[in-house]
Amino acid sequence: MAESSPTPPRWTPAASPRKRLNGVGCNNTGERKTSRGVFLTWQDVSVTAVDEKGKHKVILDRITGCARPSQVLALMGASGSGKTTLLDTLSGRLGLDLIGTGDVLINGRREMLSYGTSAYVTQENTLMPTLTVREAIHYSAQLQLPGSMSPAKKLARVDRIIREMGLSAVADSRIGGRVSKGISGGERRRVSICMQLLASPGLLFLDEPTSGLDSAAAYHVMAYVARLAQTAGITVVAAVHQPSSEVFDLFNALCLRMGGWC
Ligand SMILES: Nc1ncnc2c1ncn2[C@@H]1O[C@H](COP(=O)(O)OP(=O)(O)OP(=O)(O)O)[C@@H](O)[C@H]1O
C-alpha cells in the first residue's frame, strides 16, 4: 500500500459546506429513519501519513462504503491493511500526523460526530479491577450523564445496559485483574462496551472487540452487540480480525480489504 504522492488538501468536515452525496448516500434510498441509528456513508476517502522528512505513505486510497442503522458492518483485512485507520477516519479520531481527504457523511450531511451521537470502544479495557461491574458502569454514568438527570434514572439506565449486554449474573462481581481473578475476558469487553453505551449513541465503533478472546467468548460479545444493534437500531462499525464462522454469521455487511476496499 505504501507509495509517494503529493500532499492532498487536509480533510476538514466541519469547515466544509454541507452538501448532499449522490450515489452512495444510504438515506437517499427511500428508507425511513425509524431508530436512533445513523446512516454513515463515506466516499473517496484517502488517508496519507507524512513523516518528519516529508515522505508520504498512502494508507487508504479512495474508499467508498456505508453503514446502516440496526446493522453490524465488519471491517476486515490483513494486519496492517488499514482497518483501524478507516475506523479512526470515520469516527473523526484521525491522528494529526495523518491527512484525510474525501467525504464522510452523517445522515447524508457533512457533520462532526458529537458526544452522544457516536461512541468508540478501543482495543484495551481500561477498567478498575477493584470495582464490581455495576459500580464501574454506575461510576462512568455519574461522569458521563448530565447532572440534570436524576440518580434514579441514571441507575435505571445502568441496569438496563447491564441487562442488554447479558451481564446481570455478574453485576455484583468484582472486575478483577492480573492479581485478583474477577470476571472473564469476554465479560470485561462487554463492560467496556456498556460504558460507551451510557449516552445512548446511535453509532458505535468497535476496534477489535474480540481480540484476545477465545471463540466462545468472542461469539458472546458479538452476539450481544448484534442483538443490541437490532433492538436499539444502533449502527455498528467493527474492525475485526479473523472472526470464527459463527461470529462472521452475525455481521450484516462486510467491508473487506482485498487489493482495494469495497
Ligand atoms: N500515524 C501513522 N504514521 C505512519 N504510518 C501509519 C500511521 N498509522 C498507521 N500507519 C500504517 O498504516 C498501516 C495500517 O495501519 P492500521 O493500524 O490501520 O492497520 P490494521 O489493519 O488496523 O492493522 P492490525 O490488524 O494489525 O491492527 C500500517 O502499515 C501502519 O503502520
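Please list, or write none, the aspartates and glutamates whose alpha carbon is within less than 20 Å of the alpha carbon of Lys55, excluding same-chain residues fewer than 8 places away. Candidates past the 8-residue exclusion: Glu3, Asp97. Can you give the FRET efficiency to the nearest 0.05 for His56 and His241, using r as the Cβ-Cβ distance and R₀ = 25 Å? In this case the efficiency is close to 0.40. Shown here is the pair-distance distribution of the range 107-179: with all Cα-Cα distances grouped in 10 Å bins from zero up to the longest one, the shares run 16, 41, 30, 10, 2 percent.
The Cβ shell under 15 Å around Leu213 holds other residues with a net charge of -3, Lys and Arg each +1, Asp and Glu each -1.
When each of the peptides 82-89, 148-155 is scored by how many other beta carbons lie within 10 Å of its residues on average, the order from highest to lowest is 82-89, 148-155. The shape of the range 100-229 comes out oblate: with a ≥ b ≥ c from the C-alpha gyration tensor, a/c is at least 1.5 while a/b does not beat b/c.
Each reported figure results from applying straightforward, stated rules to the coordinates on display, with no laboratory input. Everything quoted here is computed from the prediction, not taken from an experiment. Virtual Cβ from ideal backbone geometry, glycine too; neighbours counted across all protein chains shown.
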